[in-house]
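As structure tokens, the structure follows; a few thoughts come after it.
The values are calculated or read from the model by the stated rules, or taken from the named source; none is laboratory data. Keep in mind that what you see is a predicted model, and the values were worked out from it rather than measured. Here the Cβ is made from the backbone with ideal geometry for all residues, glycine too, and neighbour counts use every protein chain on show. Protein only, heavy atoms only, side chains kept; ligands, DNA and RNA dropped before computing areas. Shrake-Rupley method; radii C 1.70, N 1.55, O 1.52, S 1.80 Å.
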Amino acid sequence: MQKKYFIFDLDNTLVKTNRANNKSYEEAIKVVTGIDFHHKKQRFTRGDLALAISDLTPIQILEIIKLKEDLYTKYIQETTLNVQLVKCLKLLKNNGEETILLTESRKSRAQQVCNYYNLDQFFCQQYYLEDYNGTNKYHYLISKNYFLDSVILFENDRNEIWKARRFGILKNQIITIKF
């Protein structure tokens, strides 16, 4: 029997992070620009900055991003743990299964969230955005000699699920998390 790899996404799969993320951005924008900024998106990202506030300079964008990362600690209590999914993660790990964190998050922030909820102990491996340099994380798994037909993926994001399917992870190998 082929070994299985249980792969977990972090943001809005294991931990709901949108609120902390968005509040961090709103405060960073206010500090850097003086603008009392509120947005309608479910999750505001660094890619949204220039589109949302068109007259930002490149230096202001970098300042906002840096400050947002620093402010995240202040808002980490605004995150919510997916208790049921973490129970599943613990059970898999305690049964000797290979559990992997594979996230689009930057390492520093992902580790901050994992430390806050003491999740590190439940992963055999952890891979972050920096590990695969912003390329497709499923391609990265292949490069690390994981067999995608042996993957069970826990993911919430439709785009990430589409990417996983495109790289050969079958629909019945993906557990879509609604949290």
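What does the net charge come to around residue 36 if you take all other residues with beta carbon closer than 12 Å to its beta carbon, with K and R at +1 and D and E at -1? Write down the numbers at each step before the final one.
Working: positive: 30; negative: 26, 27.
With Lys, Arg at +1 and Asp, Glu at -1, the neighbours total -1.
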### Query
So which of 23/66; 41/171; 66/163; 16/66; 16/171; 23/87 end up more than 19 Å apart, counting from Cα to Cα?
41/171; 66/163; 16/66; 16/171; 23/87
#### Entry: segment 158-175 residues near the modelled residue 150 label - backbone nitrogen below 16 Å, point 7 Å along Cα→Cβ
169-170
### Task
Determine ³J(HN,Hα), in whole Hz, for all residues of segment 117-133 in sequence, where each value follows from phi through the Karplus function 6.51 cos²θ - 1.76 cosθ + 1.60 and θ = phi - 60°; x replaces Gly and Pro.
9, 6, 8, 3, 4, 9, 10, 6, 9, 9, 10, 10, 3, 5, 5, 10, 6
### Query
Amide H to amide H under 5 Å from residue 156: which residues, 5+ apart in sequence or cross-chain, H placed 1.01 Å off N in plane?
177
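Please report the net charge: other residues with Cβ closer than 14 Å to the Cβ of residue 27, K and R +1, D and E -1. Provide the component values of the computation, followed by the final result.
Working: positive: 19, 23, 30, 66, 68, 74; negative: 26, 36, 63, 69, 70, 78.
Counting the neighbours of residue 27, the net charge comes to 0.
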### Message
If R₀ is 35 angstrom, what is the calculated FRET efficiency for the pair residue 176 and residue 50, using the beta carbon separation as r and rounding to 0.05?
### Response
0.65
### Query
Which of 86, 38, 18 sits closest to the plus end of the dipole of the chain, meaning its Cα is farthest towards the positive end, when Lys and Arg get +1 and Asp and Glu get -1 on the C-beta?
86
### Query
Residue by residue, what Karplus-based ³J(HN,Hα) values in Hz, rounded to whole numbers, does segment 145-159 have, using 6.51, -1.76 and 1.60 with θ = phi - 60° and x for Gly and Pro?
6, 8, 8, 5, 6, 9, 8, 10, 10, 10, 8, 10, 8, 4, 5
### Task
Measure off, as a whole percent, the carbon and sulfur share of the 1.4 Å-probe accessible area of the chain, all protein chains present.
51 percent
### Message
7 Å from Cα along Cα→Cβ at both residue 3 and residue 42: what's the point-to-point distance in nm?
### Response
3.4 nm
### Query
With every protein chain left in place, what is the accessible area per residue of the chain in square angstrom, probe 1.4 Å?
55 Å²
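Of the DSSP beta bridges with both residues in the chain, give the percent that are antiparallel, rounding to the nearest 5. Could the numbers behind the result be given before it?
On the way: 2 of 17 bridges.
Taking every DSSP beta bridge with both residues in the chain, the antiparallel ones total about 10 percent.
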